[in-house]
Every structure is written in structure tokens, then in C-alpha cells.
Amino acid sequence: MPLKLSLKPGERFVLNGAVVQNGDKRGVLILQNKASVLREKDILQPEDATTPARRIYFPVMMMYLDEGSAEKFYDDFAQRLTEFMGVIKNPEVLALCVAASRHVMAREYYKGLLAARKLIEYEDERLGHGASGLSADSPAD
């Protein structure tokens with residue numbers, strides 16, 4: 001099933017590791033086959049991985065964008081998730097952690113990103129932060 005991206009003027013996104021930027025007008029891009037796509041708003045820079053949930057999201061994002069190098073990011077993901085689960089008592093959030101882990105282990109990195117994003121939303125609510133810095137929409141809406 002094709003993926004349709006509606007792009008704002010100047011909007012950037014990552015497509016299979018390449019940073020692509022839309023021109024000065026709205027545009028539509030249709031991807032006919034499977035590709036790793038993240039909009040700029042869904043990309044977390046290393047220096048912004050400053051909270052436990054963001055430290056889980058970041059390696060999953062890297063695995064999604066660069067599946068060939070996923071192995072080198074897995075240990076960081078597993079360690080951060082284990083630490084997070086060690087302090088969380090909420091059963092729903094623990095279920096999200098388990099889901100993220102299952103998706104990553106199955107190499108379903110996109111689904112792992114969705115679960116990790118929900119962890120960020122939970123964390124932001126608990127810490128009283130406003131927006132998470134990542135969109136609430138799916139990575140490639």
C-alpha cells in the first residue's frame with residue numbers, strides 16, 4: 001500500500017537515511033514501496049535525548065532509520081528500557097514497554113517507535129511538561 005506524505009513548504013524528512021527537503025510550495029510525495037521515513041518533527045537529536053523515555057526512543061529511531069546498524073543500537077535500547085521498567089509501576093506503561101521490546105526484537109522498528117512515543121507522552125504528563133517535542137501523530141502520517 002503506498003504511503004502518501006503531504007509536505008509543507010520547506011519541510012524536511014529523512015528517507016532511508018537521506019535528509020530530503022520540500023521546496024517552497026506544498027507538495028505531495030507518494031512512496032510506492034517500503035521505506036524508512038520520519039518527518040523532521042519526529043526526529044530526536046542525540047543532544048535532546050535527555051529524559052529516560054527519550055533515551056529509549058532515540059536508539060529505536062536509529063534502528064528504524066538504519067536497519068543495517070541496528071545491532072549497535074540494541075544494547076543501549078535494552079539497557080534504557082530495563083532501567084525505565086525498574087522504576088515504573090503503572091501496568092499500562094509497563095505493557096507499552098513490553099510492546100516496544102517485542103517490536104524491536106521482531107525488527108518492527110516503526111511499531112517500536114510508536115510505543116516509545118507513548119512512553120514520552122506518559123513521561124511528559126508525569127513531569128508536567130507541555131508538548132513532548134515529538135508530534136503526537138504517527139511518524140509518517
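Quick notes on this one:
- In summary, helices (runs of 4 or more DSSP H) completely within the stretch 37-121 and bearing 1 or more residues that are closer than 25 Å to Lys8 by Cβ and at pLDDT 95 or above occur at 52-65.
- Any hit, the stretch 45-61, residues being loosely packed, with under 15 Cβ neighbours inside 10 Å, under 12 Å from the mean Cα position of the chain (by Cα) and at negative phi: yes
- Search result, residues across the stretch 101-126 that are more than 19 Å from Thr50 (Cβ to Cβ), touching a residue at least 24 places away in the same chain (Cβ under 8 Å) and either aliphatic (A, V, I, L, M) or not assigned by TED's automatic domain parsing to the domain that holds Tyr57 (or both): Val104, Leu114
One line per residue, one yes/no per condition, for (1) of a type in the set (Val, Ile, Thr); (2) more than 15 Å from Glu123 (Cα to Cα); (3) assigned by TED's automatic domain parsing to the domain that holds Lys118; (4) out of contact with any helix residue (DSSP H, G or I) (no Cβ under 6 Å at 6 or more places or on another chain):
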site	(1), (2), (3), (4)
Val20	yes, yes, no, yes
Arg26	no, yes, no, yes
Lys72	no, yes, yes, yes
Arg80	no, no, yes, no
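- Against the list (1) loosely packed, with under 11 Cβ neighbours inside 10 Å; (2) assigned to a helix (DSSP H, G or I); (3) of a type in the set (S, T, N, Q), the condition Asn33 fails is (2).
The values are calculated or read from the model by the stated rules, or taken from the named source; none is laboratory data. On a predicted model such as this, the values are computed, not experimentally measured, just so you know. Every residue, glycine as well, gets a Cβ built from its backbone with ideal geometry; the counts of neighbours run over all protein chains shown.
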